[in-house]
Structure formats: structure tokens, C-alpha cells
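Presented below is the structure to which this report refers.
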Amino acid sequence: MANKTQEDGGIHFPFPFTPYSIQKDFMAELYRVLDAGKIGIFESPTGTGKSLSLICGALSWLRDFEQKKHQEEARLLETGTVPLSDRKDQPPFLSSSFKETPDTLRPAGEPDWVTQFVQKKEERDLVDRLKEEQVRRKKREERLQQIRHNAQLKYAAKRMRREEEEMERLLHLSREMLAEGTGTEPLEQLECGDEELVLAEYESDEEKGAARGVDEEEEEEDLEEEHITKIYYCSRTHSQLAQFVHEVQRSPFGKDTRLVSLGSRQNLCINEDVKNLGSAQLINDRCMEMQRSKHEKSRAEDEKPKRRRQEHQAACPFYSYEQLQLLRDEVLVGVKDIEQLVSLGKEARACPYYGSRFAIPAAQLVVLPYQMLLHGATRQAAGIRLQGQVVVIDEAHNLIDTITGIYSAEVSGSQFCQAHSQLLQYMERYGKRLKAKNLMYIKQLLYLLEQFVTVLGGNIKQNPNTQSLSQTGTELKTINDFLFQSQIDNINLFKVRRYCEKSMVSRKLFGFTERYGTVLASSREQSRLAGFQHFLQSLQPALTETPVPHGDEGEARVPRSASPLMHIEGFLAALTTANQDGRVILNRQGSLSQSSLKFLLLNPAVHFAQVVKECRAVVIAGGTMQPVSDFREQLLACAGVEAERVVEFSCGHVIPPDNILPLVICSGPSSQQLEFTYQKRELPQMMDETGRILYNLCNVVPGGVVCFFPSYEYQRQVHAHWDKSGLLARLAVRKKIFQEPKRANQVEQVLLEYSRCIKCCGHVGGTVTGALLLSVVGGKMSEGINFSDDLGRCVVMVGMPYPNIKSPELQEKMAYLDQTLPRIPGQAPPGKALVENLCMKAVNQSIGRAIRHQKDFASIVLLDQRYARPPILGKLPAWIRDRVEVKATFGPAFAAMRKFHRERPGPS
Ligand code: SF4
């Protein structure tokens, strides 16, 4: 592939071929957004080479940025002056510590000589600080060079495993406590290894503040590798990320970009014994246990062992500094996806999970999944720092829902009961050994769990499967009302949350349950829990009564769900959200086990605010970003981003304009007005008219026709009606009919048969000219599936897929937006706009399944006169909106369809 260098406004954009003008525009706008530190919303339809434009645009900017930075640094060191008169042009890469004093702080009317003096002093200070930073960085580089990354790696490891060290420290304390015989039971009564399950003495952060040496922190900071300016690119799925990495490899930047792919331990672990544990939780726990064990071992070598019975689990053979150092360098040398990283790790016998993380500071491009970037705690744990960095969020059409989902939490009645029982038994066993603070918090947790069940109308002491609730239905509460109603408003949930995090009580409980199952209750407890025990065991079939020998675990065990308390911690954390930003939904079904408490996040912007605040620039990109008002208002304005910082860019399609025929059809062949409201759409005449339209379209469209219905239920009704009326039989003369399957595992099979049928028809001839696929908006075929070429020559949208306005969650969200966002004159109120936007987002996703590349063509038919309203048309992607034709009657619409498809080649 020949590399071309494109120039736009003096900027060089290396590109693998001569780019289309829309690609040039995309790169130029992206460059401007990154350079000016803006927030960009970029829309570029599938098939227009969005990834390549993102790569070449963003990496060209990074190249120039680094170059300018080096030049500027060299100039400063040479001249030793910073002309403050040029301060408005002050290089944007200067770190926040170089920000000058704002003019506004200077008293008005001060004499000139004072101003000059202050200015001179500022200049000198700035130069001094710049020099200091230069010297510090140089020194650090030399030192790091000298110690050949070993110390650096140790410190990086230390930083990343700070959490694990905290656990280790607590564990150590608890061992000392046990060794000193603080409990009334002698140590010998504990099972071997039990000491690891006992909670250590708990101190809050304030209490232990003085304990940690400041020097230690400073030294660590000093030696920590600098995070250079980089681009964090995230997408939804691993296959999208892998695709992106392959695009980078093929791009002109593929040879010399330092790219790191980040993934979970589940994806990257190469220790077969650990990987075979299956679930992410078990893999994480075992890996961390192994690292801890390594620390224990080295500590044991330093200190005289206090106990002889201490057991050590083998450290992971793939976690050694030397091997990781080699792997880290290898990672940075060439662009690799997750699979290549795993192979490399296996070859080098070094862990790719840690190897890739250690490579973050020096990387230029970090590729990672959504969750890792958008979830604050995960981001921190992964060693990601966003200060001054660039973030690109791709496939972002569902970004608001994604953030909402990440921070929402639902816990069932069963989970509350299960956690309560486990914790109670834990306390029974170790209560006498736990210090007062631990006991206090455990009792608080037990109380909270009991109250959560009570507020649902159940009893924590009985089997949730057999408890039927007298009151059923859904109730929605503000956070404060919920806390009040549950009678937990006097508990400081921030402290409980912090305790859970720091003490790692859920991890210990998980270990305890793994070790003993849930059959360790005292005789008093056991008699109380009769029957309940059976329920608990039925929930955890893999739990055993006796400790499982460590060596046997690997193959024998199947993945298990994580500890219920771990899950509940997410709910507790959610309850600390500000009252106005979330709601609690009490969902009471027939039995307690089926009932649940759900936290609904109303304001995802609270979690996005940190990203936009810390980053230098953020780009939100996708194939269909319309309607963008949601992003602007719900996400960015609510996160405190000024409107001027937001830039929108929407590029056309690479297909010639004549390759698309989008039509809005307002009435059918028998002049029936098309309006598929809830009231009208079930009328037989509406279903008949829809059938007639489809029959006509199938007569003129070759290959595949994909028809979307607003819901499964409506699709089922229409199908049954057509079956009865004989329309299905008439349709079958032209198209073989397929229906979207209910089960996800059948999707592939249906798609295979659908495409096979279309291919066969293309060759065999006969009356059947292709296939008709009846699908559902928001279903399994409406996202991520590619109906290119003959698979989708026509996409039909029956009605407008408005979300269920009666849903309490949606109503609450609408009310929230109406209260929070300003009403713009001449526009729908924010709540109503949300409903329209959700509907049009779903439409855009579905119709975007067709036309996937430059030579593709298709017709798009929107059946409902409500589509003709300008505010609705305005929410279609620009490349469709610009071509859309509104047809009041069916005749002209049908004529346009016939002409469009007759002039184009039939199935290949
Ligand atoms: S260090 Fe790496 S290879 Fe070893 S168990 Fe942990 S994730 Fe797996």
C-alpha cells in the first residue's frame, strides 16, 4: 500500500492512499480539536474509513505536538527566557504548574514600574521552573537509564499493586494480633490458612495518615516514570479494539508508534492454572493472592517468622521483574493486539497483563475497552492518568447508556439473604478475634442487609424462595427517601463504603465461603437456618464443606458468580451519589428472591465530568451520532463543559449520492394514513396496509429486504395476522421469509440461511428473488450486524420505535431533565426531546445496517407520516437527511423505488 502524504492547511497527514475529501476534512477538524483542547463529537458513517481518519489525524497531531515540545524545550534551555508578552501563545504542553498568575489578580491602577517588576519576576520564575523541570526530567531519565528499568519497574509494580499492599498490611496486622493471642480461643483452634480470612484491625485513613512515611511517597513520586502525552482510544468490544489495532498496523504510523493494548486478566493471563478458573473474579483473586504470597515470602526472608504454620501459595512464574522488563520493551517496540500480546508473553514467559500496564507511561497510543476508561476506580487501578491526555471514545452512540449501566446496580432479595447469612456465619466463627471496629462495621453491614430485605417486604431470616410478598409492583424513591424509609439514614454510608474497600471484607468473605461453604453456622444458627441452608447451597452448587486442596482446584472447578457482598458493595457505593442524581427502584415481585432493589443513575455526567475536566481534549466518535443534542446537553453541559468548548463534525458518506434512496411514506396503496401509534397500529387495516406495502416493495427490490418492527410483540402480531390473511404465502412467492430468533444463539444460524438463500436466488433464477428478514428495533439484528450489498438492498422501518413512556425509569429521567436542563424556546421540553432522541437513535442504528462501503447501494423506507415532521427529519444522519424524500401517497413512492432498483445491477 503506497503511503501518501496529504497536506491540509500546512499540516502533513500521512495516509495509506489518497484520502477522500471527507477523510481530509475529518483529519483536519480532528487535528484542530486536539490542538485547541476541545471536546469533539465526530460522526462518520460506516464504510467511510473512520478508524483510519482517526488514526492518521490524531497521530499526526501527536507527532507535531511532540516536535513542538522538543523545539520549545531546546529553545528555552538555550535562551533561558520566556517572553511573557507572548503568553497567549504559551505552548499548550506546559504543565499546569507553569500557569501564570492571572492578570485579574493584579490591583487596578498600579504604577507601570510595579507591573514591569512583577512581570519580570514572573518571567524569571517561569524560566526557573522550566529549567527545574528539565533538570529533574533529565536526571530522572539518566537515573532510569542507569538502573536499566529495574528499579523503575519495581516502583511501577508497587504503584499498581498499592491496593494489594494495603491488604497485605492488614493481613500482617491480623497475624500479629493472632500471634499475640488477643482472642480468647487459642491459635491452634484455627484451621490452617484461616488467618488469611480474618479481618485485620481496621484504621480509617485519618488514623493511619501519620503512619505512612512522607519520604517514601516522595521517593516513589520521584522515581515514577513520567506519563508522556498520549492518546487513549477506547471502544466497546474486543473485536472492535482488535480491528482498530490492525488498522494502526497497516497505517503509515504502524512502524513507529508505541502502542499498548490493555485488557483484563481474563484476556491476558497466561498462567493456565489460574486462567482455567474461568470467572474474572476468581482469576483476579488468585493472581493477587499469588503476588501477595511473593511479598510474604520476601518479607519472611527479612523478618524472623513468627509462626511456623504459615502456608505460601507458589508465586506466579510469569511475574518476574526481569522477564516483565523485556516484555515491556517488546510491547513498546511494535504494535500488537491482545492475541499477539498473549503469544509474546508466552514466548517470553512473562505476564502480558502486567507487562502491558508497565508500558503505559511511555506509550503514545493506549487501546482499551470502555469499562476500563469510564469507570473511575478501574481506571485508577489500571494506572491510567488522564491529566493533560487525549481520549478518543469510538462507537460512542450509546455512551450515555453505557455510563449509566456501568454505575447502576441491581441486587436481588436472594443476594441480600445470601450475603447476610455468609457474613453472619463469618462473624460467628471469627467474632472473638475481631477488633471492635471490625465488629462494628460488620454489624452495620448486617443491619443494612436486613433493612434492605425489610423494605422489600421480606424477612432476612427466612428462605427468600418461599417468601411471598404481600405488596407487589414497582416503587421509585429518591435516595434520601429510600434511606429514610429503610431506616438507615443514620448510618454513614461513605464510611461503610470506605471500610468495605479498605478491609476487603467481601474478598475475605468470598475466601471464607469458598473454604467452608455456608454450613459453619453454630447450632443455634443452624436450627434457625434449616431450610434456608438448602436454598443457599442450591445457589452455590460448587461450594464444599471441607477446604479444597489448592493444587486440585484448576480443572475441577467451574466459573462461579462472585461473592454477593461484592455485588452489594456496588449498590452501597451508588447510594452515596448525590440525592438529585439517582433514584432507587423497589421492584417487588411474587417472592422475595425475585424482588430487587435497583439504583438508577439519572445523571451520567457526574462520572464523565472528571474525564472532560482532566483531559486535554476528548473526542466522541461514531457512525451514527445523531441526534447529538443528547451528548451536548445530558453529558457535556451537565458535566460543566461550556458550549464553546464543544465542536461538532459530521461527514457525508463516501457513496455517490445516487446510491441511496431514503423515503418517508405517509400513506399506503389503499390510501390508509400511516401512523403506527399504540392505539392505531393494532388495527387490522393498519397491518393489512403494511402487508400491501411490503408485498409491493418485495416485487421491485432484488436480494435482501430487512424490515424492522418497533417491538417483538408487534412483530409477532403482524406475522400472525399476515399468516391468517394469506399475505405471508403471497410474499413467499417473491422472498423467502425469515424472522429474528428470540434466542441469541440462533442468530448466527438464521443469518447464515438468510444470506445463503439470497446468494442462491442470485444464481438459480425463478420467482423467488431473495429473502425478507423480519426484525425488531433494538433486537439482535439492529446493532453490529452488517447487511451489506445484496443482504440489505432495502431497509424498511415500520412505525416509530418510541420507548415505553409508561416506564417509571423513563418518566423519572424525563422529569429529571425537565428540572435540570434549560428549556430552549421553540424546542420540545428536555424530557420530551429525550423520548424523541431515544426513538431516532434506535431508527438510525437500524437503518445504518445497510450501505457499508463505497460501492454499496440501498433504499431506506420509513413508514409513518410522523417522520415527515422537520424536527424528526433533523435527527436523521446528515447523509440520509440531505437525500430524504417525503411521499404523501404511495404511488410516487413506489415509482421512485422501482426506478432506483431497476437502474442498478441485480444480485451478484
Ligand atoms: S501474574 Fe499474570 S500470568 Fe500470573 S496469574 Fe497474574 S495475570 Fe496470570
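The values are calculated or read from the model by the stated rules, or taken from the named source; none is laboratory data. The model shown is predicted, which means the values in this text are computed figures rather than measured ones. Heads up, the Cβs are rebuilt from the backbone with ideal geometry, glycines too, and the neighbour counts pull from every protein chain shown.
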Check your understanding: What number goes with the only condition from (1) within 27 Å of the chain's Cα centre (by Cα); (2) of a type in the set (Gly, Ala, Ser); (3) buried (at least 22 other Cβ atoms within 10 Å of the Cβ) that Gly623 does not pass?
Key -> (3)
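Is there a residue being part of a helix (DSSP H, G or I), modelled with pLDDT of 50 or more and within 31 Å of the chain's Cα centre (by Cα) anywhere in the stretch 540-558? Write out each step before concluding.
Looking only at the stretch 540-558, we keep the residues that are part of a helix (DSSP H, G or I), and these are 550-556.
From what's left, modelled with pLDDT of 50 or more: none.
No, every residue in the stretch 540-558 fails to be part of a helix (DSSP H, G or I), modelled with pLDDT of 50 or more and within 31 Å of the chain's Cα centre (by Cα).
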Check your understanding: For the stretch 486-501, which residues satisfy the criterion of being farther than 18 Å from Leu456 by Cβ, surrounded by fewer than 20 Cβ atoms within 10 Å (Cβ to Cβ) and not hydrophobic (A, V, I, L, M, F, W, C)?
Key -> Asn490, Asn492, Lys495, Arg497, Arg498, Glu501
**Study point:** Residue among Gln580, Gln610 that alone is part of a helix (DSSP H, G or I), surrounded by fewer than 20 Cβ atoms within 10 Å (Cβ to Cβ) and modelled with pLDDT of 90 or more
**Key:** Gln610
Review point. Does at least one position in the stretch 423-436 carry a residue that is surrounded by fewer than 19 Cβ atoms within 10 Å (Cβ to Cβ), within 22 Å of Phe318 (Cα to Cα) and of a type in the set (Asp, Glu)?
Key: no
Check your understanding: Which one is nearest to Phe452 (Cα to Cα) among residues in the stretch 388-400 that are surrounded by fewer than 23 Cβ atoms within 10 Å (Cβ to Cβ) and either polar (S, T, N, Q) or at pLDDT below 90 (or both)?
Key -> Asn398
Check your understanding: Considering only the stretch 782-795, how many residues are out of contact with any Gly (no Cβ under 7 Å at 6 or more places or on another chain) and surrounded by 24 or more Cβ atoms within 10 Å (Cβ to Cβ)?
Key -> 2
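Filtering the stretch 428-469 down to residues that are in a loop (DSSP other than H, G, I, E, B) and among the β-branched types (Val, Ile, Thr), which residue is nearest to Asn480 (Cα to Cα)?
Start the filter on the stretch 428-469 by keeping residues that are in a loop (DSSP other than H, G, I, E, B), which leaves 434-435, 457-467, 469.
Subsequent filtering for residues that are among the β-branched types (Val, Ile, Thr) retains 460, 466.
Values: Ile460: 23, Thr466: 31 Å.
Step by step, filter the stretch 428-469, then rank; the result is Ile460.
Looking at the stretch 342-382, which of the residues that are aliphatic (A, V, I, L, M) and assigned to a helix (DSSP H, G or I) is nearest to the ligand (Cβ to nearest atom)?
Initial filter on the stretch 342-382 (aliphatic (A, V, I, L, M)): 342, 344, 348, 350, 359-360, 362-363, 365-368, 372-374, 377, 381-382.
Checking which are assigned to a helix (DSSP H, G or I) leaves us with 342, 344, 348, 372-374, 377, 381.
Working: Val342: 10, Leu344: 13, Ala348: 12, Met372: 15, Leu373: 20, Leu374: 23, Ala377: 19, Ala381: 14 Å.
Applying the filter and picking the extreme gives Val342.
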Check your understanding: Does Arg385 count as within 30 Å of Lys230 (Cα to Cα), touching a His at 6+ places or on another chain (Cβ under 8 Å) and of a type in the set (Lys, Arg)?
Key -> yes
**Study point:** Subset of the stretch 325-340 (residues that are buried (at least 22 other Cβ atoms within 10 Å of the Cβ), away from the ligand (no atom under 12 Å from the Cβ) and closer than 24 Å to Ala315 by Cα)
**Key:** Arg328, Val331
**Study point:** Residues that are under 24 Å from Ser593 (Cβ atoms) and at pLDDT 90 or above, drawn from the stretch 489-518
**Key:** none
Review point. Yes or no: Leu636 within 30 Å of Leu445 (Cβ to Cβ), out of contact with any Lys or Arg (no Cβ under 6 Å at 6 or more places or on another chain) and in a helix (DSSP H, G or I)?
Key: no
Study note, to complete from the structure: Within the stretch 267-282, residues buried (at least 18 other Cβ atoms within 10 Å of the Cβ) and either over 15 Å from Ala350 (Cα atoms) or more than 13 Å from the ligand (Cβ to nearest atom) (or both) come out as Leu277, Gln281, Leu282
Check your understanding: Is the stretch 470-483 home to any residue that is in a strand (DSSP E or B), charged (D, E, K, R) and within 29 Å of Gly376 (Cβ to Cβ)?
Key -> yes
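A quick yes/no check of all residues on (1) in a helix (DSSP H, G or I); (2) without any contact (Cβ under 8 Å) to a residue 24 or more places away in the chain:
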site	(1), (2)
His246	yes, no
Val260	no, no
Gly263	no, no
Asn267	yes, no
Asp273	yes, no
Leu277	no, no
Ile283	yes, yes
Arg286	yes, yes
Study note, to complete from the structure: His312 passes all but one of the listed conditions (1) within 14 Å of the ligand (Cβ to nearest atom); (2) over 24 Å from Thr237 (Cα atoms); (3) modelled with pLDDT under 85; (4) assigned to a loop (DSSP other than H, G, I, E, B); the exception is number (1)
Exercise for review: Filter the stretch 250-266 down to the residues that are more than 16 Å from the ligand (Cβ to nearest atom) and under 21 Å from Glu347 (Cα atoms), then identify the one that is surrounded by the fewest Cβ atoms within 10 Å (Cβ to Cβ).
Suggested key: Arg258
Review point. List, please: which pairs have Cβ atoms under 6 Å, are six or more places apart or on different chains, and start with a residue in the stretch 342-367 that is touching a residue at least 12 places away in the same chain (Cβ under 8 Å) and charged (D, E, K, R) and end with one that is in a loop (DSSP other than H, G, I, E, B) and more than 10 Å from the ligand (Cβ to nearest atom)?
Key: Arg357/Gly383
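Conditions tested, residue by residue: (1) assigned to a helix (DSSP H, G or I); (2) crowded, with 21+ Cβ neighbours inside 10 Å; (3) at pLDDT 95 or above.
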| residue | (1), (2), (3) |
| --- | --- |
| Gly652 | no, no, no |
| Ile655 | no, no, no |
| Glu682 | no, no, no |
| Asn699 | yes, no, no |
| Val718 | yes, yes, yes |
Review point. Does the stretch 796-824 hold any residues that are surrounded by 21 or more Cβ atoms within 10 Å (Cβ to Cβ) and either among the small types (Gly, Ala, Ser) or more than 30 Å from the chain's Cα centre (by Cα) (or both), and which are they?
Key: Val796, Val798, Gly799
